[in-house]
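The values are calculated or read from the model by the stated rules, or taken from the named source; none is laboratory data. Computed from a prediction, not measured in an experiment: that's the story for all the values here. A quick note on method: Cβ atoms are made from the backbone with ideal geometry, for glycine too, and the neighbour counts reach across all protein chains shown. Side chains are part of the model used for accessible areas, which takes the heavy atoms of the whole protein and leaves out ligands, DNA and RNA. Shrake-Rupley method; radii C 1.70, N 1.55, O 1.52, S 1.80 Å.
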Amino acid sequence: MAAQTYIERIAALRRLMDANGWDAVIVTGTDPHSSEYPAPRWKQVEWLSGFTGEAGDIVVTANHAGLWTDTRYFIQADRQLAGTGVELHKLRVPDEVRIPRWLESNLPSGATVAVDGLCQSVEAVGELSSFSIVDFPDMLSQLWTGRPDIPCTPVETLSEEFAGESRSSKIAWLRAFIGKEGCDGMLLSSLDEIAWLLNVRGNDIDYNPLVISYLLVTGTSVEWFVRKDSLSEPDTDTLDSFEDLEREGVEIKEYSGLYSGLIEAQLHCGRLFVDPSTLNYNVSSRLADIFGEENLIYGTSPVGLRKAVKNPVEIAGFREAYIEDGAAMEKFIYWLERRMESGEETDEWQASVKLCSLRAEIPGYKGDSFENISAYGENAALPHYVTPREGSAKLRPQGLYLVDSGGQYLFGTTDITRTIPLGPCTRLETEDYTLVLKGMIGLATAVFPYGTPGCRIDSQARMPLWKAMRNYGHGTGHGTGFYLGVHEGPQDIRQNLNAQPLLPGMVTSDEPGIYREGLHGIRHENVILCVDLGENAFGRWCGFETLSCCHIDTSAIRVEMMTDEEISWLDAYNARVYETLAPLLDEELALWLRRKTLPLRR
């Protein structure tokens, strides 16, 4: 879309500001549930500016329009904002200035700042205490012709066979927490927490099996506020009947009836626990009116942490998912190599479509876990490159091709990146390829005391790059949900301070990288399970089990840069991949994989 379109949309927003006497407007890239990936209705930043990254907020004043985003999207933002008049404000850099501080420097104290309170968390608005806040829900609807509706897709209920714990057990646990907090109920608004608690899945957000809804849990009731027209029976016999929800005491109410439902609940629910990091400002304000501010107890939802520590059934499901997913990846890499050898024309989009089709053959496949990043050469220098359907780059039998992809399965969620040599590589490409691999191995083999947070071991992945004075701007690892969001907390592995320990049962990615604008991008990503290594006189120890099962190409490795320990790990990993996957492949492909997984020789 032409930059002029976005110029006109920002001008229309400024006219709305003038008409209402607002000094600034904040437009966020999230939805009423603080989702990382919003449904099309809430892709407001993209509609206003053309920026398609998953993380970005916009501030518009009378004489300035700015986008705040982090290091993953700098190159992308520069390209997509060109000509729109929207200025890039960089986050996760040493001299960053976040939105609240920028506003304080550019507006007088007490100035009026308008927000769409449905898409701003209580926590975020709390940082704007220097200003007069105007909550204008669905603000852009006045300007956005044809704005998509709130999504509504069929809901499925996941049986205990797959989830490993019944919803009744989970609700009983949450009620115990509510009681310990001295409360009578809890309102949940985070979609992945609701999906996990109720053992339900949907498809209201692309690639995320979630249902747009709120959940109110009290000592005597469970009320689910959801689009009722989504409650059709799933077309599969592997899932519970939807009626099981109601049979187990879950009362289903209309999504639009949240506020009237809360008014009714107030009659028997005095004190309510809410999480200000996910609860939106508009709902919070209504709650204060209904229950009284003094009866709202703010704190961190316990669901996120319990969800992140996978139970034995979920862990077994993850292992199965990575074996099935790994076989699809091997078929894809084999297909790609044959295309390069035969000279058949192939572009990034065609490669992406092929990989999707191979995953779709797996029983239990429910879709991809995010949009494939299929990037050749310099395009891979954008960590979150969006592969165009038309006119994507042609793949050639030289240099590096990066594919970051994953699947959603009834038994788990996968995420894997492979940087694949398509032919001869430059010295710089092989150096970077090797350094990033050394970093991934460094984290995979880490041993650390129980209770260590991810920020304390992030350097295990960065050290080989740092020693060569190279680095990457994104985190090293994110949590992964079980047939839920491919990104989840509360744990992560990154330089930002996060006190949450890595606990046995947590599933986290291991994905260092390096990105050279105009040249290439390299990322090696496996997913790792935190495991208990036992206890000795010095305490309890943890480490990682690698779940991913797809070979790592050794042809681009500079062997002289590898230590004996690193080579031993790589040889053992590739050998395990062959032993595990060969029985799932045809004879020709198994022979190819055997050659790909031979020990690395000095």
Residues satisfying the stated conditions in segment 509-545, i.e. open to solvent by less than 10 Å² (accessible area, probe 1.4 Å) and part of a loop (DSSP other than H, G, I, E, B): Pro512, His524
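If I ask for residues that are farther than 20 Å from Gly219 by Cβ and of a type in the set (Val, Ile, Thr), which ones from segment 154-171 would you list?
Correct list: Val155, Thr157.
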Could you please find all residues in segment 355-370 being open to solvent by 20 Å² or more (accessible area, probe 1.4 Å) and out of contact with any strand residue (DSSP E or B) (no Cβ under 9 Å at 6 or more places or on another chain)? Ser357, Glu361
Within the set of pairs 6+ apart or on separate chains, which have a first residue in segment 445-464 that is free of Cβ contacts under 8 Å to residues at least 60 places away in the same chain, a second that is surrounded by fewer than 20 Cβ atoms within 10 Å (Cβ to Cβ) and among the polar types (S, T, N, Q), and C-beta atoms under 6 Å apart? Pro453/Asn498; Pro453/Gln500; Cys455/Asn498; Asp458/Gln495
Based on what the data block shows, is Thr554 exposed (fewer than 15 other Cβ atoms within 10 Å of the Cβ) and either within 27 Å of Thr430 (Cβ to Cβ) or modelled with pLDDT of 95 or more (or both)? no
For segment 564-590, what are the residues that are surrounded by fewer than 12 Cβ atoms within 10 Å (Cβ to Cβ) and touching a residue at least 40 places away in the same chain (Cβ under 8 Å)? Glu565
Identify all residues within segment 285-298 that are in contact with a Gly (Cβ under 8 Å, 6 or more places away or on another chain) and more than 15 Å from Asp184 (Cα to Cα); write none if there are none. Ser285
Can you find, within segment 361-396, the residue that is farthest from Gly521 (Cα to Cα) among those that are outside any strand (DSSP E or B) and among the basic types (Lys, Arg)? Arg389
Subset tally (residues that are surrounded by fewer than 22 Cβ atoms within 10 Å (Cβ to Cβ) and aromatic (Phe, Trp, Tyr)) for segment 371-384: 0
Listed by range, strands (runs of 3 or more DSSP E) wholly within segment 247-354 having at least 1 residues that are touching a strand residue (DSSP E or B) at 6+ places or on another chain (Cβ under 7 Å), open to solvent by 60 Å² or more (accessible area, probe 1.4 Å) and touching a residue at least 60 places away in the same chain (Cβ under 8 Å) are 296-298
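Hey, among Pro137, Pro154, which residue is in contact with a helix residue (DSSP H, G or I) (Cβ under 7 Å, 6 or more places away or on another chain), surrounded by fewer than 19 Cβ atoms within 10 Å (Cβ to Cβ), touching a residue at least 60 places away in the same chain (Cβ under 8 Å) and farther than 26 Å from Leu296 by Cα?
None of the other options fit; the residue is Pro154.
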Within segment 181-195, can you find the residues that are closer than 18 Å to Gly304 by Cβ and open to solvent by less than 10 Å² (accessible area, probe 1.4 Å)? Met186, Leu187, Leu188, Ser189, Leu191, Ile194, Ala195
Going by the conditions given, is Tyr573 assigned to a strand (DSSP E or B) and either touching an Asp or Glu at 6+ places or on another chain (Cβ under 8 Å) or not small (Gly, Ala, Ser) (or both)? no
Of the residues in segment 379-403, those that are more than 20 Å from the chain's Cα centre (by Cα) and not aliphatic (A, V, I, L, M) come to Asn379, Pro388, Arg389, Glu390, Gly391, Ser392, Lys394, Arg396, Pro397, Gln398, Gly399, Tyr401
Scanning segment 498-522 for residues that are of a type outside the set (A, V, I, L, M, F, W, C) and under 20 Å from Glu429 (Cα atoms) gives Glu511, Pro512, Gly513, Tyr515, Arg516, Glu517, Gly518, His520, Gly521
Does segment 115-124 include one or more residues that are small (Gly, Ala, Ser), outside any loop (DSSP other than H, G, I, E, B) and open to solvent by 10 Å² or more (accessible area, probe 1.4 Å)? yes
Considering only residues that are polar (S, T, N, Q) and more than 26 Å from the chain's Cα centre (by Cα), look in segment 203-224 and name the one that is most open to solvent (accessible area, probe 1.4 Å). Thr220
